[in-house]
Every structure is written in C-alpha cells, then in structure tokens.
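To keep things clear, I will list the structure first and then write my remarks on it.
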Amino acid sequence: NFTVHFDFDSAELRPDALPILDNAAKALKSNKKVKILLTGHCDERGTPDYNLALGQRRAENVRQYLMGKGVSGKVLDTVSMGEEQPVDTGHDEAAWAKNRRVEFQVK
C-alpha cells in the first residue's frame, strides 16, 4: 500500500514522497491490469469545501507525477475525501500530519 503525505495547506509533493511514488510507478508499469484510485485527504482545519478542493489537488498532483513516470492515465482515477476519513482522530499536529495524505487503493 502506497501513501504519501503533504505539508499543511499544500498540494506540493514533498521530497520524501518521490521515492514512494517512483516505486509505485515501477509497480504499476509492471502490472498494467491494475487500476488505482488515488484518494486525497486533509486534516480537519479549513472548511469542508476548501478541504475537498485541496484533497483533489493533492490526488491530481500524484496522478500527474505518476503519468510523468510513464504510468498510463487510464489506470489512475482520483477522488477527494476532504477531512472525512482521518487515520488519526487527534486534534494536534501529530494527528493532522498523518491525515494530510494521498492513498493508493486498488480498484
């Protein structure tokens, strides 16, 4: 399972995400039948509408990066969950940092 994290209020890929995405690209190129749903997530700060848009930008940036590495866009779908599916329900930076992410889900 591949997951990449983001800084607060940002959809920019962090340097620590690149090796994870490079490995994901290799795996996807070697198994062309797999379809992936990239789900963008946010922490609880910000309005629901803002977080849905930010989660979508995060997922789209991951998709664009993977396509740049040779993965077909036909196997990559994106969706934003906004703040609705936290992995950590805490209300501090440690929890929020875990919730700012894009996850790969096999369809």
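The values are calculated or read from the model by the stated rules, or taken from the named source; none is laboratory data. All values reported here derive from a predicted model rather than from experimental measurement. Cβ coordinates were reconstructed from backbone atoms using ideal geometry, including for glycine residues, and neighbour counts include every protein chain displayed. Keep in mind that these areas ignore ligands, DNA and RNA; they rest on the heavy atoms of the full protein, side chains included. Shrake-Rupley method; radii C 1.70, N 1.55, O 1.52, S 1.80 Å.
Here are a few things to note about the model shown:
- Taking the criterion of being in a loop (DSSP other than H, G, I, E, B) and among the hydroxyl-bearing types (Ser, Thr, Tyr), the only residue of region 75-93 that qualifies is Thr89.
- Hits in region 24-44 - residues which are touching a residue at least 24 places away in the same chain (Cβ under 8 Å), assigned to a loop (DSSP other than H, G, I, E, B) and open to solvent by 70 Å² or more (accessible area, probe 1.4 Å): Lys32, Lys35, Glu44
- Qualifying residues in region 52-87 (those that are open to solvent by 40 Å² or more (accessible area, probe 1.4 Å) and among the charged types (D, E, K, R)) - the one nearest to Ser30 (Cα to Cα): Lys69
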